[in-house]
Amino acid sequence: MSTPPSLDTPTQHDQHGRWPQAESVEDFQHNLAAVQARINASCQRVGRDPSSVRLLPVSKTKPAASLRLAYAAGCRQFGENKPQEAYRKWEEMADLSDLHWSVIGHLQTNKAKLVARFATEFQALDSLRVAEALERRLQAEGRGLDVFVQVNTSGEASKYGLPPEEVAAFLQQLPAFSALRVRGLMTLALLSADASRVRNCFILLRELRERLRQDAPASIALDELSMGMSGDYEIAIEEGATVVRVGQAIFGARDTPDAYYWPTAEQGDAR
């Protein structure tokens with residue numbers, strides 16, 4: 001797909017830290033409807049079917065009680081950054097058997113055992129060491145895991161993810177890990193009020209995916225593009241996102257500083 005030159009969608013990064021708290025099922029229903037309306041409008045602008053975009057509510061820092069309200073409002077999947085926090089919530093909410101968990105933050109190899117035990121999806125694969133650790137633990141659990149390869153499209157040293165030029169070689173090595181089902185690519189865009197700079201990160205990932213498709217191993221699917229957060233998911237959808245990771249616009253602003261969830265990130269995380 002190509003972006004019509006007339007698109008000048010702004011970011012919503014000025015709302016970061018200011019989104020109102022969702023404290024009832026009705027609040028969550030309202031917020032989810034508002035986000036979905038923006039998803040629909042973004043799709044309409046570029047001629048996409050809204051059903052081609054999956055909304056992943058990001059619940060990090062929020063207590064299980066808040067997640068239960070979101071569940072009652074219709075959420076059936078949650079994205080979490082820290083495996084320990086996600087695992088604890090998974091245990092607390094084990095009675096909700098149709099709930100799926102996506103780990104979307106950087107993973108240390110010693111936490112792979114947690115992810116292998118409960119997660120449906122891991123969106124931040126960027127090293128063979130992590131792939132090996134997950135494979136070993138998944139084989140022991142008798143499970144498979146959907147994974148996204150994380151790409152650093154902003155060029156910031158503070159961001160995790162593979163440099164774009166290293167992704168092709170990385171993909172060639174992934175068929176060796178049979179428990180990992182590669183679904184696509186993921187990125188964190190530049191946290192900036194300059195919408196054109198944000199858009200360029202998404203364009204880079206989409207164009208990279210198109211090039212990689214030509215030579216990717218047969219077992220590697222690159223159908224998905226996970227990109228876009230509360231402040232920029234509309235732009236991401238215009239550029240082809242199939243998964244948008246939205247937290248604050250659904251749950252409300254977080255009390256915990258961004259640096260706690262992205263310890264090396266200088267610019268924070270505005271999901």
Looking only at region 27-47, which residues are out of contact with any helix residue (DSSP H, G or I) (no Cβ under 7 Å at 6 or more places or on another chain) and within 12 Å of Phe251 (Cα to Cα)?
-> Asp27, Gln29, His30
Examine region 162-171 for a residue that is surrounded by 15 or more Cβ atoms within 10 Å (Cβ to Cβ), modelled with pLDDT of 95 or more and under 21 Å from Phe118 (Cα atoms), and state whether such a residue exists.
-> no
Which of the following residues is at pLDDT below 95 and open to solvent by less than 10 Å² (accessible area, probe 1.4 Å): Asp232, Asp269, Asp258?
-> Asp269
Criterion: free of Cβ contacts under 8 Å to residues at least 60 places away in the same chain, open to solvent by less than 40 Å² (accessible area, probe 1.4 Å) and basic (Lys, Arg) - qualifying residue of Arg137, Arg143, Arg213, Arg209 = Arg209
Mind checking whether some residue in region 69-80 is of a type in the set (A, V, I, L, M) and open to solvent by 30 Å² or more (accessible area, probe 1.4 Å)?
-> yes
Please specify each residue of region 90-122 satisfying the condition of being surrounded by fewer than 21 Cβ atoms within 10 Å (Cβ to Cβ) and in contact with a Ser or Thr (Cβ under 8 Å, 6 or more places away or on another chain).
-> His100, Thr120
Hits in region 197-229 (condition: modelled with pLDDT of 95 or more and hydroxyl-bearing (Ser, Thr, Tyr)) = Ser226
Is one or more of the residues making up region 182-193 farther than 30 Å from Gln15 by Cα, at pLDDT 95 or above and not in a loop (DSSP other than H, G, I, E, B)?
-> yes
Is it true that Ser178 is of a type in the set (S, T, N, Q) and open to solvent by 30 Å² or more (accessible area, probe 1.4 Å)?
-> yes
Checking Cys75 against (1) under 21 Å from Phe177 (Cβ atoms); (2) touching a Ser or Thr at 6+ places or on another chain (Cβ under 9 Å), which test does it fail?
-> (1)
Breaking point among (1) over 18 Å from the mean Cα position of the chain (by Cα); (2) in a loop (DSSP other than H, G, I, E, B); (3) not hydroxyl-bearing (Ser, Thr, Tyr), for Leu171 | (2)
Is there a residue in region 185-195 that is touching a Pro at 6+ places or on another chain (Cβ under 7 Å), of a type in the set (Val, Ile, Thr) and under 21 Å from Ser102 (Cβ atoms)?
-> no
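The values are calculated or read from the model by the stated rules, or taken from the named source; none is laboratory data. As the structure is a prediction and not an experimental result, all values here were calculated from the model. Glycine also receives a Cβ, built like all others from the backbone with ideal geometry; neighbour counts cover every protein chain displayed. In case anyone asks, the SASA skips ligands and DNA or RNA and just uses the protein heavy atoms, side chains included. Shrake-Rupley method; radii C 1.70, N 1.55, O 1.52, S 1.80 Å.
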